Amino acid sequence: MSHDASLQTLAVHAGEARVKSDYGIVDPIHCSSTFTFANSAAIISMLENGEERDEYARYSNPNSRTVEKKLAALEATEDAILCTTGMSALTLLFLNRLRPGDQLLFFDRCYHRTRQFCYEYLEQFGVRCKAIATGDFQALEAACDARTKLIFTELPTNPHLDVIDIEALAALGKRKGIATCVDTTLASPINIQPSRWGIDFIVHSATKYLGGHNDLLAGVLCGRTEDLASIRTLQGIIGAVAAPHTAYLLQRGLKTLPLRVAQQNKSGLAVAQFLAQHPKVARVYYPGLETHPSYHLARKLLKGGGGLISFELKTDRHGCSRFIDAVHIPKIGPSLGGVETLIEQPYLMSFYRASKADRERWGIDDALVRLALGIEDTEDLIADVKQALDVL
Ligand SMILES: Cc1ncc(COP(=O)(O)O)c(C=O)c1O
């Protein structure tokens with residue numbers, strides 16, 4: 001299937017054989033841990049001709065190969081590597097690209113486990129990890145030197161939904177000869193395809209929008225075939241390959257990605273607008289709102305604002321918990337991007353043991369709420385949030 005087809009068509013068909021095993025319309029789940037050869041000549045033929053087949057499931061399996069092709073089509077990249085989690089996709093990239101003495105630059109408002117991996121593990125191996133204030137391109141450029149091998153950012157950032165100008169990021173990388181990587185987990189390829197802006201590597205926690213049903217853990221790294229080849233080898237050595245059942249679930253989830261994200265974009269904007277005019281809400285972070293500092297960049301780069309909204313209530317942390325306990329539709333829990341709406345108070349969920357200074361540094365107000373919308377009816381969601389605000 002041509003990469004020029006619309007994302008809605010690619011989501012359903014890309015990567016899949018037209019006629020499948022036993023003529024089924026869906027791919028079977030291949031549970032094999034090993035794949036056999038008819039005879040010794042078949043092994044030689046695979047090795048000599050680079051045949052696309054599997055040999056041992058720690059390297060790849062038919063289900064992950066199919067879904068990798070679909071993901072590459074959705075990201076408009078040459079290739080994609082399916083991994084066990086988003087973190088394994090990201091750490092494989094860092095471990096592969098960075099050597100002792102190299103420098104990694106990253107915008108600081110990123111997933112806290114990414115920062116933890118950089119400081120607690122990469123630095124142990126002699127890689128310098130330098131955090132730059134999110135969006136400060138002057139500081140980023142000033143920090144680039146001959147040792148800098150990779151620049152990383154998330155887009156949008158979590159939980160404040162800052163949008164980074166990845167066109168400028170890609171241009172900087174090209175000018176300086178430094179590879180660039182963007183984690184667009186919170187946007188999904190429906191809202192942005194970073195390769196079209198010149199970014200080298202795209203990473204996702206496929207656990208979120210891509211899987212979309214809160215029933216799998218997976219990650220994906222997309223980019224040029226040439227750049228991904230040695231990362232795929234590393235993956236085969238470490239064994240961070242997604243299980244066939246996970247790949248099957250992801251393939252199934254991806255078919256409805258454009259429909260789900262369209263609904264999440266619609267609800268995201270409507271709920272954010274509702275919250276922005278509510279007297280008990282102090283501040284709303286949503287890139288589709290004109291009041292958000294990234295509004296203009298979001299208009300340039302994103303096709304939709306997504307399903308994640310963060311907002312601060314005019315109350316203390318106890319009042320915030322009361323609000324969260326009063327909602328009926330959202331379930332209380334971390335994660336985002338699935339069909340079920342989730343809600344959390346970052347103060348409790350991720351920063352309970354953090355110091356006040358750290359919470360202030362990362363902009364975590366005691367009464368900050370993170371609402372990750374699912375695909376429920378928009379008006380039902382607004383009505384539910386409204387009745388919970390009435391409790392305050
Ligand atoms: C932006 C972002 N990137 C990466 C990850 C890691 O993904 P996973 O949980 O699939 O390892 C997360 C997880 O919450 C995330 O929010």
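The values are calculated or read from the model by the stated rules, or taken from the named source; none is laboratory data. Here the structure is a predicted model, which means the values were calculated and not measured. Quick reminder, even Gly has a Cβ in these numbers, built from the backbone with ideal geometry, and neighbours come from all protein chains shown.
Count of segment 61-88 residues, restricted to those that are assigned to a helix (DSSP H, G or I), touching a His at 6+ places or on another chain (Cβ under 7 Å) and under 17 Å from Ala243 (Cα atoms), is 3. Taking every residue in segment 106-124 that is within 15 Å of Trp362 (Cα to Cα) and assigned to a loop (DSSP other than H, G, I, E, B) and pairing it with any residue that is among the hydroxyl-bearing types (Ser, Thr, Tyr) and within 15 Å of the ligand (Cβ to nearest atom), at least 6 positions away or on another chain, the pairs with Cβ-Cβ distances below 6 Å are Asp108/Thr134; Arg109/Thr134; Arg109/Thr157. Among the numbered criteria (1) among the aliphatic types (A, V, I, L, M); (2) within 20 Å of Ala179 (Cβ to Cβ); (3) within 15 Å of the ligand (Cβ to nearest atom); (4) surrounded by 22 or more Cβ atoms within 10 Å (Cβ to Cβ), which single criterion is violated by Ala72? Just one mismatch for Ala72, condition (3). Only one entry of Leu47, Leu98, Leu92 meets the criterion of being among the hydrophobic types (A, V, I, L, M, F, W, C) and within 16 Å of the ligand (Cβ to nearest atom), and that entry is Leu92. Residue check: is Asp358 more than 22 Å from Thr185 (Cβ to Cβ), of a type outside the set (A, V, I, L, M, F, W, C), out of contact with any Phe, Trp or Tyr (no Cβ under 9 Å at 6 or more places or on another chain) and in a helix (DSSP H, G or I)? For Asp358, the condition - more than 22 Å from Thr185 (Cβ to Cβ), of a type outside the set (A, V, I, L, M, F, W, C), out of contact with any Phe, Trp or Tyr (no Cβ under 9 Å at 6 or more places or on another chain) and in a helix (DSSP H, G or I) - is not met. All conditions in (1) in contact with a Leu (Cβ under 7 Å, 6 or more places away or on another chain); (2) at pLDDT below 95 hold for Pro346, with the sole exception of (2).
Please find, within segment 346-362, the residue that is farthest from Arg109 (Cα to Cα) out of those that are surrounded by 17 or more Cβ atoms within 10 Å (Cβ to Cβ) and away from the ligand (no atom under 16 Å from the Cβ). Looking at the filtered set, the residue picked out is Tyr347. For segment 223-233, the tally of residues that are assigned to a helix (DSSP H, G or I), surrounded by fewer than 15 Cβ atoms within 10 Å (Cβ to Cβ) and not acidic (Asp, Glu) stands at 4. Looking at segment 146-222, none of the strands (runs of 3 or more DSSP E) lying wholly inside it contains 1 or more residues that are within 15 Å of the ligand (Cβ to nearest atom), more than 20 Å from Leu104 (Cβ to Cβ) and assigned by TED's automatic domain parsing to the domain that holds Arg99.
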